[in-house]
Amino acid sequence: MKMPWLRQCWQQIMQSAQQQRLAHGIALPWQPELGSDKLITQLSHWALCQQREHSMQACGHCKSCTLLASGHHPDFIRFGEQASDSIGVDDVRHLQQKLQQSSHQGGRKVAVLANAHMLTVAASNALLKTLEEPPGDVLIIIAPARWQSLLPTIRSRLQYYPIYAPDIEGLAQWLSQYAHTPVAAQESLRPWCAKPLLALSHFSTAQDNQAAGAEHLSQAHLHTLLSHASVDKSLATPEQGLFLISHMESLLRDIGWLAQGGALAGCRLPELCDTLAIRQWPPSHFKRRELMNAQRACQQARRMLQGPKGLNVQLALQELLIQMRTAVQPA
């Protein structure tokens, strides 16, 4: 399955490599719903391939490619994906120990740090030492949800390659191709642009009119759900529940964006953020613990809805709405 919105980022990385300007430390966004994890995997394969020479793709057949495909490459380190709260200094020290070891395959070592926005200050300082003095031929890929969430000292040591989400028209064309159903390029697609893979899952499984109508869940409706912290009859199927979860995750990202001084125009749910007056929140209103709890509630609700059939959808979403309401209420 092709993801054309990743092409520009990949070409920029390959251009740097061909010009011998690719740094040992680079940063890519950690946005799996945008496909960034797949781009990181592709880059890891390319970096470890023993027979790629000047190619922009891994050969897929050498011993290194075979080991990586099996999940047992000794020179590939990947961690942070399961982090739920923070990534501490012990995790970074474990990474440093791995990188200090000699290469088992006699080539480059690759380390991927997912969810890098969860690094503690102590962990960031430890990572900085590794970036300043890399141990041999290594490629360290740092992947935060937001580039600005990394400490300035870390950012200064990395080459950052952003990934640009598809626009509404591009997303509609892609969904029409892979969801095997016509999808119109209309404004209701906008919340999906930053998460095309989740959009594909939604449109592929929305077989009846009720499920297909979930795309029209308005930002005003979202505000009503948050205000009452209760689930109504409009959320009756897992597909509709997953759409609500994706909107709640977008709201959490928007809160983080506005807390860092970002403009409302850069939000995924600008109408809802404006209704909640997030830009006028005092610093004390940005409750980190409650926001993290809400993020975990999103993850838990998604796992429940993607699990065995027969689940009470409204019950699964109730705790999520309670956590979200707590996160956006005044302190």
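What order do you get for TYR164, TYR178 when you list them from fewest to most C-beta neighbours inside 10 Å? Please list the in-between numbers first.
On the way: TYR164 12, TYR178 18.
In order of increasing Cβ crowding within 10 Å: TYR164, TYR178.
What 222 nm value per residue comes from the helices of the chain, counting each DSSP H run with n ≥ 4 as -39,500 (n - 2.57) and dividing by all residues, nearest 500 deg cm²/dmol? List each step's numbers first, then the result.
Working: 14 runs with 158 residues, N = 331.
Computed mean residue ellipticity for the chain: -14500 deg cm²/dmol.
With a point put 7 Å past each Cα toward its Cβ, work out how far THR153 is from HIS94 in nm, to one decimal.
2.4
Out of these labelled values of Rg and Dmax of the Cα atoms in Å, (i) 27.4, 106; (ii) 21.1, 60; (iii) 20.0, 63, which was calculated from the coordinates shown here?
Recomputing Rg and Dmax of the Cα atoms in Å here gives the entry labelled (ii).
Subtract the Cα-Cα distance of ILE322 and GLN173 from 0.36 nm times their separation in residues, and report this length gain in nm to one decimal. The partial results should precede the final answer.
Details: separation 149, 0.36 × 149 = 53.64 nm, distance 3.66 nm.
Here the answer is 50.0 nm.
With the crude spin-label approximation of a point 7 Å out along Cα→Cβ, what separation in nm comes out for ALA23 versus LYS38?
Taking the simple label geometry, ALA23 and LYS38 are separated by 2.8 nm.
Among the lysines in region 4-160, how many pairs, 8 or more places apart or on different chains, have alpha carbons under 19 Å apart?
On the way: LYS38/LYS109; LYS63/LYS109; LYS98/LYS109; LYS98/LYS129; LYS109/LYS129.
Total qualifying Lys-Lys pairs in region 4-160 comes to 5.
Please compute the contact order of the chain in relative form: average sequence separation of alpha-carbon pairs under 8 Å and at least six residues apart, divided by the residue count, as a percent.
Working: 432 pairs, mean separation 51.7, N = 331.
Value for the chain: 16 percent.
Using a basic spin-label model with each label point 7 Å from the Cα along Cα→Cβ, how many nm lie between ASP85 and GLN280?
In this crude label model, ASP85 to GLN280 measures out at 3.5 nm.
Using a cut-off of under 11 Å, list every residue of region 77-98 whose amide N is near the label point 7 Å from the Cα of ALA122 along the Cα-to-beta-carbon line.
88-91
Among MET118, MET14, which comes first, second and so on when ranked by fewest other beta-carbon atoms within 10 Å? It would help to have the intermediate numbers written out before the result.
Details: MET118 21, MET14 17.
Listing MET118, MET14 from fewest to most nearby Cβ atoms yields MET14, MET118.
Quick check on packing: order 28-34, 179-185 by the mean number of other C-beta atoms within 10 Å, highest mean leading. Present the calculation step by step, with values, prior to reporting the outcome.
Values: 28-34: 21.9, 179-185: 13.0.
Listed from highest to lowest mean packing, they are 28-34, 179-185.
Roughly how big is the chain's charge dipole about its Cα centre, with Cβ charges of +1 (Lys, Arg) and -1 (Asp, Glu), in debye to the nearest 20? Please list the in-between numbers first.
Numbers: 29 positive and 24 negative charges, 131 e Å.
For the chain, the charge dipole is close to 640 debye.
No lab work stands behind these numbers, since they all come straight from the coordinates. A quick note: this is a predicted structure, and the numbers were derived from the prediction, not measured. Heads up, the Cβs are rebuilt from the backbone with ideal geometry, glycines too, and the neighbour counts pull from every protein chain shown.
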